[in-house]
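Below you'll find the structure, written out as structure tokens, and then a few comments.
The values are calculated or read from the model by the stated rules, or taken from the named source; none is laboratory data. Computed from a prediction, not measured in an experiment: that's the story for all the values here. Cβ sites come from the backbone with ideal geometry, for glycine too, and all protein chains shown count toward neighbours. For the accessible areas, the whole protein counts, side chains as well, though only heavy atoms, and no ligand, DNA or RNA atoms are used. Shrake-Rupley method; radii C 1.70, N 1.55, O 1.52, S 1.80 Å.
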Amino acid sequence: MYVRFVTPLIHPDSGMETGFFRASWYLYRTGCPDWIYEELDIQFRWFNRNLPVPDRVARHFKRRNSIYGVCWFHTAARECIDRARYCAWLITEGGVPVQAVKLRSPREIIWHDDHQVVLRPHHDMPRAFPDTRFALRGRHV
């Protein structure tokens, strides 16, 4: 089983709900309490030290569009998930809702390690905000 923490913001390349790492920049853009920035900084530093950056997050082709992958945690990566859940709470407190979604069996794996997997997005992947138009401080995203 795999888990992902997503927002209602749509990633422009994959067309999927944006994950919490990428969505955190909205907080910096729109402003939120300093204690949230400080806590996120502590957590992101931990992830930078302990979670390998995927070697491959996309597939590029000469004659067709690139495929941009979506990252999911293995449910066995307990500390990563616990910290991601805390980051999700922080980002939600900052004004961007974050929810967890789960996936039982992946289809097309682009990359994987012991903590995470990068999957090709599919229309039937679970979504947390399927019909939501998220307004970010007066703007629709």
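The table below lists the values:
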item: Filter result for residue 117 (more than 15 Å from residue 8 (Cα to Cα) and either assigned to a loop (DSSP other than H, G, I, E, B) or within 13 Å of the chain's Cα centre (by Cα) (or both)); result: yes
item: Residues of segment 25-68 satisfying the condition of being at pLDDT 85 or above and open to solvent by less than 50 Å² (accessible area, probe 1.4 Å); result: 27, 32, 36, 37, 40, 43, 44, 46, 47, 51
item: Residue tally, condition open to solvent by 20 Å² or more (accessible area, probe 1.4 Å) and free of Cβ contacts under 8 Å to residues at least 40 places away in the same chain, over segment 74-125; result: 14
item: Checklist (1) open to solvent by less than 70 Å² (accessible area, probe 1.4 Å); (2) touching a residue at least 40 places away in the same chain (Cβ under 8 Å) applied to residue 18, failing item; result: (2)
